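Engineer: Supplied in structure tokens, the structure appears directly below.
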Amino acid sequence: MAKQKLTSNAAAVVTGAGSGIGRAFALELAQRGGRVVCADINLVAAQETVALIEAQGHAAKAIACDVSKLEAVQALADAAEHWLDGPADVVINNAGVGAGGSRVGDTSIEDWNWVLGVNLWGVIHGCHVFAPRLRKLGRGGIINVGSTASFAAAPTMGPYNVSKSAVLALTETMAAEFQGSGLHVTALCPTFVKTNIMRDGRIAGSATGFANKIMKWTGIEAEGVARLTLDALDRNQLYVLPQLVARTIWRMKRLAPSLYARGAGVLNRLLAAKS
């Protein structure tokens, strides 16, 4: 008899489940037979995701959670365990925000704190709270949603780059720690996915228009990303780079890091001159 896949009939928790990639993860997990706790700082958005899942005949629960606060994530884990009648075995640390368009030194400390609070500390809190429960359970996995920004280091995206590169390092650390335990961990590092992150983020100046154009031209649908990443978690695949451009940047950065940095700077100046 074939072993059941980790993401089939899962007891799952998804943060940032009110829209975008988080909603796509929640819907796909439900379609795979799972019960899904949909967490989001926007409870109304999380409830909308739950309504979509319930309309398909599956079970889900909405919980308000500010992942930047440790006590909120601890409360989320406890509430999820109560509703699921046991600990979650699939956890997706997806909640994230965007900020960019200004250089290091010009970006406000408020924006630094906001981005790192959600994108980095939110993932740290999720791993800190759920990893011990998974170890005790003896099975399960975690997906941490990073970005191509985890390694691309594009100019004028300092807080976002720092937050996502740290998420990747955390995921790689956990992959080493999980070896031999039966637990899986995966880092999702896409480029542009069609979500609300640009609309809801703090993107300054000409970067907004440029990013929106790139999103329109090259952005991929969140549903496909969710399916691909859940399948990768089943295989215990550490990295998911769903787009060719992400894989190309990954290789360029490793083959010629200094040349890559100079090239990124030249491209930034050219784009700034056109704006």
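The values are calculated or read from the model by the stated rules, or taken from the named source; none is laboratory data. Please read all numbers here as calculations on a predicted model, not as lab measurements. Cβ coordinates were reconstructed from backbone atoms using ideal geometry, including for glycine residues, and neighbour counts include every protein chain displayed.
Listed here are the residues, each with its yes/no results for (1) buried (at least 19 other Cβ atoms within 10 Å of the Cβ); (2) out of contact with any strand residue (DSSP E or B) (no Cβ under 7 Å at 6 or more places or on another chain); (3) in a loop (DSSP other than H, G, I, E, B).
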{"position": "Lys3", "(1), (2), (3)": "no, yes, yes"}
{"position": "Ala12", "(1), (2), (3)": "yes, no, no"}
{"position": "Ala24", "(1), (2), (3)": "yes, yes, no"}
{"position": "Leu27", "(1), (2), (3)": "yes, yes, no"}
{"position": "Ala39", "(1), (2), (3)": "yes, no, no"}
{"position": "Ala51", "(1), (2), (3)": "no, yes, no"}
{"position": "Gly57", "(1), (2), (3)": "no, yes, yes"}
{"position": "Ala62", "(1), (2), (3)": "yes, no, no"}
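Engineer: From the set of residues in the stretch 98-117 that are among the hydrophobic types (A, V, I, L, M, F, W, C) and surrounded by 22 or more Cβ atoms within 10 Å (Cβ to Cβ), which is farthest from Val13 (Cα to Cα)?
Structural biologist: Step by step, filter the stretch 98-117, then rank; the result is Ala99.
Each row is one residue, and each column tells you yes or no for (1) among the hydrophobic types (A, V, I, L, M, F, W, C); (2) more than 23 Å from Tyr239 (Cβ to Cβ); (3) out of contact with any strand residue (DSSP E or B) (no Cβ under 6 Å at 6 or more places or on another chain); (4) part of a helix (DSSP H, G or I).
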residue: Ala80; (1), (2), (3), (4): yes, yes, no, yes
residue: Ala95; (1), (2), (3), (4): yes, no, no, no
residue: Lys136; (1), (2), (3), (4): no, yes, yes, yes
residue: Ser147; (1), (2), (3), (4): no, no, yes, no
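Engineer: Can you tell me which condition Asn113 does not meet? The list is (1) in contact with a Phe, Trp or Tyr (Cβ under 7 Å, 6 or more places away or on another chain); (2) assigned to a helix (DSSP H, G or I), and all the others hold.
Structural biologist: Going through (1) in contact with a Phe, Trp or Tyr (Cβ under 7 Å, 6 or more places away or on another chain); (2) assigned to a helix (DSSP H, G or I) one by one, Asn113 breaks only (1).
Engineer: For the stretch 75-91, does any single residue satisfy the condition of being within 19 Å of Thr229 (Cα to Cα) and small (Gly, Ala, Ser)?
Structural biologist: Yes: the stretch 75-91 contains one or more residues that are within 19 Å of Thr229 (Cα to Cα) and small (Gly, Ala, Ser).
Engineer: Here is a further query. Check Phe151 against each of (1) in a helix (DSSP H, G or I); (2) modelled with pLDDT of 95 or more and name the one condition it does not meet.
Structural biologist: (2)
Engineer: Please list, ordered by first then second residue, the pairs with beta carbon atoms under 7 Å, 6 or more apart or interchain, first in the stretch 103-114 and farther than 12 Å from Val162 by Cα, second among the basic types (Lys, Arg) and surrounded by 13 or more Cβ atoms within 10 Å (Cβ to Cβ).
Structural biologist: If the second residue must be among the basic types (Lys, Arg) and surrounded by 13 or more Cβ atoms within 10 Å (Cβ to Cβ), the pairs left are Asp111/Arg202.
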